[in-house]
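This report refers to the structure that appears directly beneath it.
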Amino acid sequence: MNKIIVAIDGYSSCGKSTIAKELAKYAGYIYVDTGAMYRAIGLYTLRNGLTDEASIIQALPQIQVGFIQAGGAQHVTLNGEDVESQIRTLEVGNRASQVSQIKEVRAFLVAQQQAMGKDKGIVMDGRDIGTVVFPKAELKLFLTASPEVRAQRRFDELVEKGEKPDYNAVLADVNDRDYRDTHRAESPLRQAEDAIVVDNSHMTREEQMQVIYDYFNRFK
Ligand code: DC
């Protein structure tokens, strides 16, 4: 079987990374979580007190984002430091959403993402993978779920991490992020014309993976 590129896009908290990870494992492919890359830059700007666009753009040459394998999982690194646990907070998520609106930040990361896919055999998830990063990806999936279902999933994740979230605040955050992701001037989240839409609001994880494996196996 020739290796392909699988592009997975969709709204925040609709399970993209879980699905992408499982599909990569099933296929024996590399997995890349591009949201983690935007989050790493968001974390850098928070740590260094960079708020205006010009200083963020100026700092880009000093920022190295990478991935390492740690305990069987993929962790994102920022200038060599494993920052996986620091990037999964609401604060960093919001900052990532803000920095992802800067054209130069996107160009900086898109070039790295395209280089990672040059040999194919990759599952990449994000917002612009099927539209900008790999417009010629063989398989494009666009995941959706209702905002309420996504807010509940995000709420459960935060509780599991020991945080004490307020459901309505999490829902408002999901809606805000959707709005920003779909309305930004640079590479807004949109479904590629040739993407397959998977609405997983009412699917179990197993049902959803079966649907996705079936699409993938069409390339065998
Ligand atoms: O998927 P996530 O929540 O980890 O992504 C964090 C933020 O990064 C999200 O608000 C949108 C942005 N993002 C993006 O603009 N493009 C991508 N390819 C991936 C994420």
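Since every read-out is calculated from the coordinates, none of them should be taken as a lab result. Since this is a predicted model, take the numbers as computed values, not measurements. So basically every Cβ, Gly included, is an ideal-geometry build from the backbone, and we count neighbours across all protein chains shown.
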Restricting the range 30-56 to residues that are away from the ligand (no atom under 13 Å from the Cβ), assigned to a helix (DSSP H, G or I) and of a type in the set (A, V, I, L, M, F, W, C), the one farthest from residue 107 (Cα to Cα) turns out to be 46
Practice prompt. Could you tell me whether the range 196-213 includes any residue that is free of Cβ contacts under 8 Å to residues at least 24 places away in the same chain, charged (D, E, K, R), within 30 Å of residue 119 (Cβ to Cβ) and not in a loop (DSSP other than H, G, I, E, B)?
Written response: no
Residues of the range 67-112 being polar (S, T, N, Q) and surrounded by 20 or more Cβ atoms within 10 Å (Cβ to Cβ), in sequence order, are 97, 100
Counting only residues that are of a type outside the set (D, E, K, R), touching a strand residue (DSSP E or B) at 6+ places or on another chain (Cβ under 6 Å) and under 16 Å from residue 6 (Cβ atoms), the range 127-180 contains a total of 8
Restricting attention to the range 177-218, the residues that are under 18 Å from residue 132 (Cα atoms) and among the basic types (Lys, Arg) number exactly 3
Filtering the range 99-115 down to residues that are of a type in the set (Lys, Arg) and more than 9 Å from the ligand (Cβ to nearest atom) yields 103
